[in-house]
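The values are calculated or read from the model by the stated rules, or taken from the named source; none is laboratory data. None of these values were measured; they are calculated from a predicted model. Heads up, the Cβs are rebuilt from the backbone with ideal geometry, glycines too, and the neighbour counts pull from every protein chain shown. When the accessible area is computed, the model is the full protein with side chains, heavy atoms only, and any ligands, DNA or RNA have been set aside. Shrake-Rupley method; radii C 1.70, N 1.55, O 1.52, S 1.80 Å.
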Amino acid sequence: MMKKVMMVLAVALVAACGTRQAEPTVEGHYTYEHAFEYDLQGNHFDVHETGTMDFYADGTALDSACQVYTVTRPEGDTVTYAFNYVSPSRWHLDGDTFYFAGIKESFRMEPDKADELSQEIVNVVGGSIDYEYKFHLDTLTTDRLEWSFTYRDGHSDTWRFFRQ
């Protein structure tokens, strides 16, 4: 009887070890929605984006989004722009620090209407696209990636990506 119990335990142990889940990896295709706001040159910008993020094993990524900027001017009037945002990028993970930077030479941000303010938005975003951000990796599971960033003024922002 003891031999049978030991055999059953051994089989159960082998089976349990054989079905152990692999650690989740960053690589994959994700969807996301994100919103943020900021002030620049007297204007207030409310930005909402919906997009996809593809992380590849070679340390590259592709961030593609529709970004909608609602700009409130100092006089109180508003204007809305939609941008086709495409940012090939580089990434790597070191512990819980997620390094991420766009590749300036292949970055695109195309407005639905061209005027001085939409071009200024493109210039500001494109001018810093290759800056390497250090995000904190908050969550990495088989179906979700979350990172956060704390700005110089102390406020923080979190991005949530859902694996497809």
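Please work out which residue is modelled with the highest pLDDT, limiting yourself to the stretch 150-164 and to residues that are open to solvent by 80 Å² or more (accessible area, probe 1.4 Å) and more than 15 Å from residue 53 (Cα to Cα).
Filtering the stretch 150-164 for residues that are open to solvent by 80 Å² or more (accessible area, probe 1.4 Å) and more than 15 Å from residue 53 (Cα to Cα), the one modelled with the highest pLDDT comes out as 150.
Go through (1) open to solvent by 20 Å² or more (accessible area, probe 1.4 Å); (2) of a type outside the set (A, V, I, L, M); (3) farther than 17 Å from residue 32 by Cα for residue 88 and report which single condition fails.
Among (1) open to solvent by 20 Å² or more (accessible area, probe 1.4 Å); (2) of a type outside the set (A, V, I, L, M); (3) farther than 17 Å from residue 32 by Cα, the lone unmet condition for residue 88 is (3).
Need the failing condition index for residue 79 against (1) within 30 Å of residue 27 (Cβ to Cβ); (2) surrounded by 13 or more Cβ atoms within 10 Å (Cβ to Cβ), just the number.
Just one mismatch for residue 79, condition (1).
Residue 75: free of Cβ contacts under 8 Å to residues at least 60 places away in the same chain, over 25 Å from residue 140 (Cβ atoms) and not in a strand (DSSP E or B), yes or no?
Yes.
Considering only the stretch 39-61, state which residues are among the aliphatic types (A, V, I, L, M) and either surrounded by fewer than 17 Cβ atoms within 10 Å (Cβ to Cβ) or not in a strand (DSSP E or B) (or both).
Correct list: 40, 57.
Only one of (1) in contact with a Ser or Thr (Cβ under 7 Å, 6 or more places away or on another chain); (2) open to solvent by less than 30 Å² (accessible area, probe 1.4 Å) is not met by residue 66, so which one is it?
Result: residue 66 passes all but (2).
Evaluate the stretch 120-129: report whether one residue or more is within 24 Å of residue 24 (Cβ to Cβ) and free of Cβ contacts under 8 Å to residues at least 40 places away in the same chain.
From the stretch 120-129, those within 24 Å of residue 24 (Cβ to Cβ) are none; that's our starting set.
Scanning the stretch 120-129 turns up no residue that is within 24 Å of residue 24 (Cβ to Cβ) and free of Cβ contacts under 8 Å to residues at least 40 places away in the same chain.
Take the residues in the stretch 94-125 that are under 23 Å from residue 42 (Cα atoms) and touching a helix residue (DSSP H, G or I) at 6+ places or on another chain (Cβ under 7 Å), then tell me which one is most open to solvent (accessible area, probe 1.4 Å).
111
Would you say residue 144 is loosely packed, with under 15 Cβ neighbours inside 10 Å and touching a Lys or Arg at 6+ places or on another chain (Cβ under 8 Å)?
yes
Identify, by number, the condition in (1) over 18 Å from residue 162 (Cα atoms); (2) part of a strand (DSSP E or B); (3) without any contact (Cβ under 8 Å) to a residue 60 or more places away in the chain that residue 113 doesn't meet.
The failed condition is (2).
Any idea which residue in the stretch 126-141 is surrounded by the most Cβ atoms within 10 Å (Cβ to Cβ), counting only those that are of a type outside the set (S, T, N, Q) and within 24 Å of residue 164 (Cβ to Cβ)?
Result: 135.
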